[in-house]
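K.L.:
Quick one: the structure is below, questions incoming.
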Amino acid sequence: SRDKRQGTITISSGELKEVVTIYQDGTKPTIVISKNEYVIGSEGGSVAVEVKSNVDVSVELPSDVEWLSESTTRALSTNTYYFDVAENTGYDQRSATIAFTNKADNLTEEVTITQMQKDTIVLAASEYNFDANGGELDFEIQTNVDVTVTISEDAADWIQQVETRALETKALYFNVAACSAEEDREGTITISGGNATQTIKVKQIAKVEINPNDVPD
């Protein structure tokens, strides 16, 4: 309790008696938060914040944040507060701070909610076609995550990434070798980062051999 209290101990023997008085101070006004930082995925969800206090506590959410709200559907316990976090459909990480306060004693404890961005990779096109001579394949991507590039195993010998001028501008460069096979071929380039994955098809037609006897004079 925050209130001071006192009690007495009486020691007696026959007609003799002594009284000892014990005084005890009240507890210091306190707000204790179980955890001060929470990280939520882009899909959103619910956050439960456990608060222990010996004073009345009020909750203050930032007025300019629409994606974070106190839950009204859950049965609240005396020391647990629930908050709903909406899905983050943007491409930037975002955060907000919830304040638990007692203005009478000038007490404040804060909880920061951080929500990750929606990972995305935007491609200029999803398919590229080459003739038998091959050539250079250049395209730009838009992304908010670090990406890795994977060339399918069946095309690793004829599609080669050019590493020397790629990552800084998010422009990717590849060489497509000439095709000496008798059949058309197809490979894939997979670009992935965070929770996002995009796949590009690369198709190349076979080399056409011309019989000199079939050429008219």
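The values are calculated or read from the model by the stated rules, or taken from the named source; none is laboratory data. Remember, it's a predicted structure, so these values are computed and weren't measured experimentally. When we count neighbours, we look across all protein chains shown, and the Cβ atoms used for this are built from the backbone with ideal geometry, even at glycine. The accessibility values were calculated without ligands, DNA or RNA, using every heavy atom of the protein model including side chains. Shrake-Rupley method; radii C 1.70, N 1.55, O 1.52, S 1.80 Å.
K.L.:
Could you pull the accessible area for ILE11 with a 1.4 Å probe, rounded to 10 Å²?
P.N.:
Per-residue accessible area (ILE11): approximately 100 Å².
K.L.:
Oh, and also: So for TRP67, TRP158, what's the accessible-area order with a 1.4 Å probe, most first? Before the final figure, lay out the partial values.
P.N.:
Details: TRP67 35, TRP158 10 Å².
In descending accessible area the options line up as TRP67, TRP158.
K.L.:
Separate question: Ignoring ligands and nucleic acids, what accessible area does LEU123 show with a 1.4 Å probe (Å², nearest 10)?
P.N.:
40
K.L.:
Using a 1.4 Å probe on the protein chains only, how many percent of the accessible area of the chain belongs to carbon and sulfur? Show your work: numbers first, answer last.
P.N.:
Details: 6430 of 14620 Å².
Carbon and sulfur atoms account for 44 percent of the accessible area of the chain.
K.L.:
Considering the dipole of the chain built from charges on the beta carbon (Lys and Arg +1, Asp and Glu -1) around the Cα centre, which of ALA181, ILE98, ILE9 is farthest to its positive end?
P.N.:
Of the candidates, ILE9 comes out farthest on the positive side.
K.L.:
Suppose each label sits 7 Å from its Cα in the direction of the beta carbon; what would the ASN175-VAL39 distance come out to in nanometres?
P.N.:
Between ASN175 and VAL39, the simple spin-label model gives 4.0 nm.
K.L.:
How would you classify region 6-50 from its alpha-carbon gyration tensor, with a ≥ b ≥ c the square roots of the eigenvalues: rounded for a/c under 1.5, else prolate if a/b is greater than b/c, otherwise oblate? Don't skip to the answer; put the middle values down first.
P.N.:
Working: a/c = 10.28, a/b = 5.81, b/c = 1.77.
It comes out prolate by the Cα gyration axes.
K.L.:
Putting +1 on Lys and Arg Cβ atoms and -1 on Asp and Glu Cβ atoms, find which of ILE191, TYR38, VAL147 reaches farthest to the positive end of the dipole of the chain.
P.N.:
Looking along the dipole axis, the top candidate is TYR38.
K.L.:
Let me ask something else. Take the alpha carbon atoms of the chain, find their radius of gyration, then divide it by 2.2 N^0.38 Å using N residues; give the quotient.
P.N.:
On the way: Rg = 34.6 Å, N = 217, 2.2 N^0.38 = 17.0 Å.
Against the empirical 2.2 N^0.38 Å value, I get 2.03 for the chain.
K.L.:
Report the net charge of residues surrounding ALA155, where surrounding means a beta-carbon distance below 14 angstrom and charges are Lys +1, Arg +1, Asp -1, Glu -1. Before the final figure, lay out the partial values.
P.N.:
Numbers: positive: ARG185, LYS201, LYS203; negative: GLU127, GLU153, ASP154, ASP157, GLU183, ASP184, GLU186.
Around ALA155, the surrounding residues sum to -4.
K.L.:
Further, regarding this structure: Any idea what the dipole of region 38-179 comes to, in debye rounded to 20, about its Cα centre with Lys/Arg Cβ at +1 and Asp/Glu Cβ at -1?
P.N.:
On the way: 7 positive and 25 negative charges, 99 e Å.
Approximately 480 debye in magnitude.
K.L.:
How many Å² of accessible area per residue for the chain, probe 1.4 Å? Can you show the working numbers first?
P.N.:
Details: 14620 Å² over 217 residues.
Per-residue value: 67 Å².
K.L.:
I've got another one for you. Once you have the Cα-Cα distance between LYS207 and ARG2, take 0.36 nm times their residue separation minus that, and quote the gain in nm to one decimal.
P.N.:
Values: separation 205, 0.36 × 205 = 73.80 nm, distance 8.92 nm.
Full extension of this stretch gives 64.9 nm more.
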